[in-house]
Each structure stands twice: as C-alpha cells, then as structure tokens.
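Comments concern the structure below.
The values are calculated or read from the model by the stated rules, or taken from the named source; none is laboratory data. A quick note: this is a predicted structure, and the numbers were derived from the prediction, not measured. Surface accessibility is based on the protein's heavy atoms, side chains included, excluding ligands, DNA and RNA. Shrake-Rupley method; radii C 1.70, N 1.55, O 1.52, S 1.80 Å.
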Amino acid sequence: MPRKLPWQTASSRAATHQKRTASSPAIKRQKLQKRGSESEEEGSLASSKKANSHEHGRPPSSSPPPSPPPEMLMEEGESNDDKYRMVEDEFLSVAQQFTVHLHAAEYKRQKKAVKSENAETINSISRPVTGKMPDQTKRKLEAAALAKRQRTIIEVLGRKKENG
C-alpha cells in the first residue's frame with residue numbers, strides 16, 4: 001500500500017474541491033489543430049519550430065546546418081594509434097614518479113610546522129611518574145633550577161652596577 005501524502009488526504013481533497021467549485025467553474029482546454037497536413041503534425045520538434053518561425057514572418061535559414069564530422073575509429077597496432085594510448089593506471093604511476101619529491105618536501109614542511117607549533121605545549125604538559133625518577137630527568141631539572149638561579153644573580157648584580 002503506497003503511503004499517503006499530506007496533500008492527498010481525504011480532508012484536503014474535499015477542501016480544494018470546494019474552493020474550485022465556489023470560485024469559478026473549471027475551464028477545459030481544447031487542442032487547436034494547426035493548418036497543414038497530418039504528416040507535418042507527426043514531424044519532429046525542429047519542423048514545428050520552423051513552422052512557428054514562418055508564422056512570425058521570419059524567413060527560413062538560407063544555409064543548411066553543417067554536417068557532423070566523419071566518425072574515425074581507432075587504428076590498432078603499435079605503429080598506429082596504440083602508441084598514443086595510456087591507461088589510467090600508467091598515467092597515475094607516471095604522475096606519482098614525477099611529483100614524488102614535491103610530495104615528500106611538502107610532507108616534511110608540514111611535519112616541521114606542526115612540531116614547532118606544538119613543541120611548547122608538549123613540553124609544558126606535566127606527566128605523572130609512578131616510579132623512581134630517571135637520572136637524566138633529575139639532571140634536566142637540576143640544570144633548569146641552576147640556570148634560573150644564575151639568571152636571578154646576574155640580574156641582581158646588574159642592578160647593583162647601575163645603581164652604583
């Protein structure tokens with residue numbers, strides 16, 4: 001059973017039918033017959049357009065439409081058209097070989113850009129450690145603390161020299 005669309009329900013049909021009968025009677029269209037023989041009526045759309053152009057007072061074209069170009073099929077053989085034939089897979093592989101260095105360079109550039117953008121964020125993330133701190137990490141922390149102390153001492157000495 002087909003589904004019922006909102007405008008096809010019984011209540012909407014009755015409402016639209018009442019509106020039509022109340023406003024004005026339905027006008028039936030009648031098909032007009034053209035002047036000419038029955039063979040012209042059976043003609044193509046192009047012939048009907050020509051007939052319409054005559055009715056408007058425009059003369060028909062004096063030059064005939066150009067004929068379509070002759071159909072030329074492919075001549076098989078390595079010495080003929082087959083030497084120009086390239087299938088999609090071959091084309092894709094040649095294109096990839098030709099542009100492989102461009103793709104590699106772009107990949108490296110994007111990788112470097114992302115790495116530099118995220119380097120500070122990655123370094124600032126604190127990673128909880130459950131075990132004993134490795135010696136290398138201890139040395140890094142000690143070096144950072146030492147550098148901070150040295151900077152503060154240099155700043156204090158620099159201020160003393162300026163003040164006299």
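Which residues, taken from the stretch 116-140, are open to solvent by 100 Å² or more (accessible area, probe 1.4 Å) and modelled with pLDDT of 90 or more?
Residues satisfying the conditions are Gln136, Arg139, Lys140.
Within the stretch 81-88, identify whether any single residue is outside any loop (DSSP other than H, G, I, E, B), open to solvent by less than 100 Å² (accessible area, probe 1.4 Å) and of a type in the set (A, V, I, L, M, F, W, C), and answer yes or no.
Looking for residues that are outside any loop (DSSP other than H, G, I, E, B), open to solvent by less than 100 Å² (accessible area, probe 1.4 Å) and of a type in the set (A, V, I, L, M, F, W, C), one finds none in the stretch 81-88, hence no.
Can you tell me which residue among Ala144, Ala113 is among the small types (Gly, Ala, Ser) and either open to solvent by 100 Å² or more (accessible area, probe 1.4 Å) or within 27 Å of the chain's Cα centre (by Cα) (or both)?
Testing whether each residue is among the small types (Gly, Ala, Ser) and either open to solvent by 100 Å² or more (accessible area, probe 1.4 Å) or within 27 Å of the chain's Cα centre (by Cα) (or both) leaves just Ala113.
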